[in-house]
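Here is the structure we will look at.
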Amino acid sequence: MPTLTLNLRYLFSLVGRELSDSELSELLEKSKMSLERIEGDEIEVEVTTDRLDLLSEEGIARHFKGLLGIEEGIPKYEVFQSDVEGIVEESVMSVRPGFALGIVLGVHLGEEGLLSLMHLQEKIHQTWGRERRKVSIGVHDFDKLEPPITYAGERPEDIRFVPLGESEIMNAREIINRHEKGIAYGHIIADKPLFPVLRDRRGGVLSLPPIINSEMTRVTSETRNLLIDVTGTSQREVEQALIVVATALAEKGGKIGTVKLKGAKGELVTPDLTPKVMSLEAEYFRAKTGLNLSPQEIANLLRKSRLDAVAKQEVVEALIPPYRVDFLHPIDLVEEALIAYGYNKLGWEIPNVMTIGRVHPKEKFSKKVRLLMVGLGYQEILSYVMTSEKELFDKVLRPKKPIVKVANPVSKAFAVLRDSLMPGLLSFLSNNVHASYPQLVFEVGDVVVVDESQETKTRNERRVAAALADDVVSFERIQAHLDALLRNLGVKYGLERFEHPTLIKGRSAKVLYELKSGTIEAGYIGEVRPEVLEVLGLRCPVGVFEVNLDPLIGG
Amino acid sequence: MGLKRISLSEGEIRLLELLAPREGLVKVDEIPMEKSSTVALAHLLAQKGILEVIERQERFVRPTERGVHCLNKGLPEERLIRVLKKRGGRAVLKELTKTGVFESNTEISAAIGEARRLGLIEMRKSDGETLVELKKSPERLPLKEVLERAYQSAVKADEIDPKLLTLLKKRGLVKEERKVELGIRLTDLGRKVLTGEVKITREISALTKELIESGLWKEARLKEYDIKAKPPKVYPGKLQMYAEFLDEVREILVGLGFEEVKGPYVEAEFWNFDALFQPQDHPAREIHSSYILEYPQEANLRDLELVERVRRVHEDGWITGSTGWGYKWSFDIARRLVLRTQTTAVSARTIASRRELPLKIFSIDHVFRPDVLDRTHSMDFHQCEGVVMDKGLNVKHLLGFLATLAMELGFKKDEIRFKPDYFPFTEPSVETLVKHERLGWIEVLGAGMFRPEVLAPFGIDSKEVGALAWGIGIGRLAMVRLGIEDIRDLHSRDLIFLREFGER
């Protein structure tokens, strides 16, 4: 979840008054923000991923004013149709097709406002923008450019300008190879034959999205009139990001001007600030919340969330501000009203749902196995299901075979899923050579085996494995334990001589369950080869067994 | 003369038998029995007047650290002679300090003193300088011989020439250690016991099957135990503490009427995300938030009609009244295999396969997310999640249920509260906070009502049916409960830690 640093002074000045600590924490809670840190005038908060509109102090103040009753209903922004035009060339459509422009005039940014704007841009880039891949935003000094604005794809060598913060002209190829921002974000466009570029009427470069703006249109705390460009992969998200930025600026008194887009995308006016209309049946609200409110009361709650809402008989007609992108279904209106009402005022009702509880048969059976193993003196251990091929195969001399393998491991030690419990037990023993012997350990858990017949091409298999290490360990001793376990589980079984790469030849056996349905292979038992003990640094003999429990578990 | 019968333990009798063939004072070391038992038994027999224990102090000589050092490097006088030989038999006294052979002027004085005492060198003045001249090479250095003997094994002080010993001690090359030697000697009574003139009663330490069966126990005396002595440490077989905690949670949930369900660790994105209305470009689906697989890669999705309904819901909301996410949904992404990131996937599978209401299910199992394993993060951890689904359930029921569960988990009724939260598949969503005496308000139960977009493809009308979905931060709760501060300890690889966990 995105983390934001907020300046409290600035936030209070936008809200119009100071907030006490308890007011602040209640407001944060009602906005689904959690307070992470307070340091003087600065606080750090976490915002949920669905609330793009809360990524700036301006947006937060707007929402708080509603909840505090200072300013309710949909915010009224001054919007006018500007005569600025944007021309989209066909050449950019295969590069970065999402595009929107907007202007905001008469803003008093100041240092705090400028900082807030930069933070907002950055947070949208990181979250919604997926590190600028999906959405990226550029803000320009409107007075330093001449409309119309052209958005086109051009050869990188032909795009030449002074990047923001630099003093020399560079071409786009040089920028992605050498410039700090180019190195960070160049990969998004690097493999395209043409790069996206924004130019004004004179051909001056405004921006090389999604990488960097030009020095020409630099914005300072003194800048009064702004042009905002948003580019990206999806038109819907691009337009939503524009609305969020433009309305945040309008909170500081700016007038929003729409821009007419022409060309390859057809005719389009951005930003489109028309509120979304959604209606909520009061009965639906009551059924979902258990709260008996009238349509008017529901409408009043919604107005606190900066929605416009009117009650028409049993229906609440809501107008959702365009910056709120998190309303998909009337259920979202239900939650919004409920939050304004207060979760802790709602009261509880214990649901009277009569059902019979049951532990899963696998767990029930496993518990029986675990208690028998404990009775035999074994310590239970719990390993990770994720492990490494080295531990699973190399260290215990098993030849590799196809197992579930992760494509993006964070660490080599956890890159596959175990297909056997025994290697984990042996590695556990090798970690504990300093502890007193005898050491008896066991684990009951799932391994994952490849099984093409399953929907997920794999199957979880419940197994038990045990290892016994002592000065002297005989096959008979470990066998006695397996025998005790299986006898008490009511299983008839047989052993058959076989070879296992981890076990001593002639001292290892296959375990066969003799079930009513027939004899099936269930696992193995034996003494661990000294070669394996040496690899693991174990200085005393070890006996092991591992058997599948699934055939014994009634479904 | 009627002598009292003396009771003796088997050990005491064995020691007596070992002493029988020996005359006079016998050193404890010479008795073929473990020394500590010999001493203990000897003292017991002495108390009974059967033998005498005689302590004798012996002085031993051992080299000091400096002594060992000199053995390695040579005694100062040895080194002096080596230097003189190298320089043709003489050297100016002042220059000896510059040779680097001596560590201090004290060493030089000691070397000269000893060499003169042995008549190996002479000193004379010449041109205002003091010259040191070698007179003869020593055949042997008695000091060194003693030092070497003492180094190889402790030598008794009275076996060394007292003059040499004084000198060695003065030069700090050896030190004396005192050692007590024990000797034992049979008394008259002891001899009488051995000859049988004095009768004994056997005192036994273990009551055995043979003694009981033969009736010999009647003549035996059971030795008293030292009940204060520490027993040997044994470790019982034990359930692992985290596994035991998970069992307790299972028990609570079963008590509340929940049925446990399971699903596979390797899961199709369809069940892990799509069926839960998480859009395909949701950050949780990116490679830094979920493990994708190198092998195997693609699921064989079975219920293609369900898949189609889910596609519609994502794209335009289908019949739900939702706008959907408004993007082109991809089947190839949906059938990609991942390690499941949430047990909600199990809930989705269960709801899809069960039609009957009411339904109360839970699962406790492993989930996986790409993370570095450290004190607070793990790539492989447990989730505990469940669903209550029935006609007419609403948010009040959700809160009532959450409060009940929190109370069952041991938190107090008036120390539970709720706050709004966000989960992609529930609306409204809520987080449950409880007050912990040390940690303050902590989040323990995230929950919400499944969204209409989640339920509709399963054929469930969310206008009629409410599905309360909840999840416990089970690992964190276990840590709080078990007093564990490092998340890795929940899967501890340390046998001593596991054996001793819960011991106080």
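Values quoted throughout were computed directly from the atomic coordinates according to the rules given, and no laboratory measurement underlies them. The model shown is predicted, which means the values in this text are computed figures rather than measured ones. Because the Cβ atoms are built from the backbone with ideal geometry, glycine has one as well, and the counts that use them run over all protein chains shown.
Before moving on, here are some points about what is shown:
- Annotation: aspartates and glutamates with alpha-carbon distance below 19 angstrom to B:K144 (same-chain offsets under eight excluded): B:E65, B:E77, B:E78, B:E103, B:E107, B:E114, B:D158, B:E159, B:D161, B:E176.
- Taking a ≥ b ≥ c as the square roots of the Cα gyration tensor eigenvalues, chain B comes out oblate, since a/c reaches at least 1.5 and a/b does not exceed b/c.
- Rounded to 5, percent antiparallel among DSSP beta bridges of chain A: 90 percent
- Residue order, fewest to most surrounding Cβ atoms within 10 angstrom, among A:R9, B:R285: A:R9, B:R285
- Of the three principal axes defined by the Cα atoms of the range A:97-181, the extents in descending order read 37, 31, 28 Å.
- For B:292-304, mean number of other protein chain Cβ atoms within 10 Å: 5
- Rg to Rh quotient for the range A:145-239, alpha carbon positions, Kirkwood Rh: 0.95
- Most tightly packed first, judged by the mean number of other beta-carbon atoms within 10 Å of their residues, the peptides A:180-192, A:24-36 read A:24-36, A:180-192.
- Taking a straight line from the alpha carbon of B:K412, these aspartates and glutamates sit under 13 Å away, with near neighbours fewer than eight places off in the same chain left out: B:E437.
- Summing charges over all other residues whose Cβ lies under 10 Å from the Cβ of B:P296, with Lys and Arg as +1 and Asp and Glu as -1, gives -2.
- When each of A:K367/B:K233; A:K400/B:K360; A:K32/A:K262; A:K30/A:K276 is checked by Cα-Cα distance, pairs over 31 Å: A:K400/B:K360; A:K32/A:K262
- Mean residue ellipticity at 222 nm, helices only, chain B: -9500 deg cm²/dmol; runs of at least 4 DSSP H residues each add -39,500 (n - 2.57), and the sum is divided by the number of residues.
- Cα long-axis angle, helix B:105-117 against chain B (0 to 90 degrees, to the nearest 10): 30 degrees
- Helix-only [θ]222 nm of chain A, DSSP H runs n ≥ 4, -39500 (n - 2.57) each, per residue, nearest 500: -8500 deg cm²/dmol
- Exceedance of the 23 Å cut-off in Cα-Cα distance is limited, within the set A:K288/B:K435; B:K35/B:K192; A:K364/B:K262, to A:K288/B:K435; B:K35/B:K192.
- Farthest toward the positive end of the dipole of chain A, out of A:F545, A:A61, A:L302, is the Cα of A:F545, where the dipole comes from beta carbon charges about the Cα centre.
- Unsatisfied cross-links (Cα-Cα over 23 Å) in the set A:K76/A:K265; A:K362/A:K390; B:K98/B:K170; A:K368/A:K516; A:K368/A:K395: A:K76/A:K265; A:K362/A:K390; B:K98/B:K170; A:K368/A:K395
- Cross-link partners for B:K223 among the aspartates and glutamates, with Cα-Cα distance under 13 Å and sequence neighbours closer than 8 places in the same chain left out: B:E10, B:E12, B:E203.
- Relative contact order [Cα under 8 Å, 6+ residues apart], chain A, whole percent: 12 percent
- Whole-number percent relative contact order across chain B, with pairs defined as alpha carbons under 8 Å at least 6 apart: 13 percent
- Taking other residues whose beta carbon is less than 10 angstrom from the beta carbon of B:G119, and scoring Lys, Arg as +1 and Asp, Glu as -1, yields +3.
- The range B:243-499 - percent relative contact order, Cα under 8 Å, separation 6 or more: 19 percent
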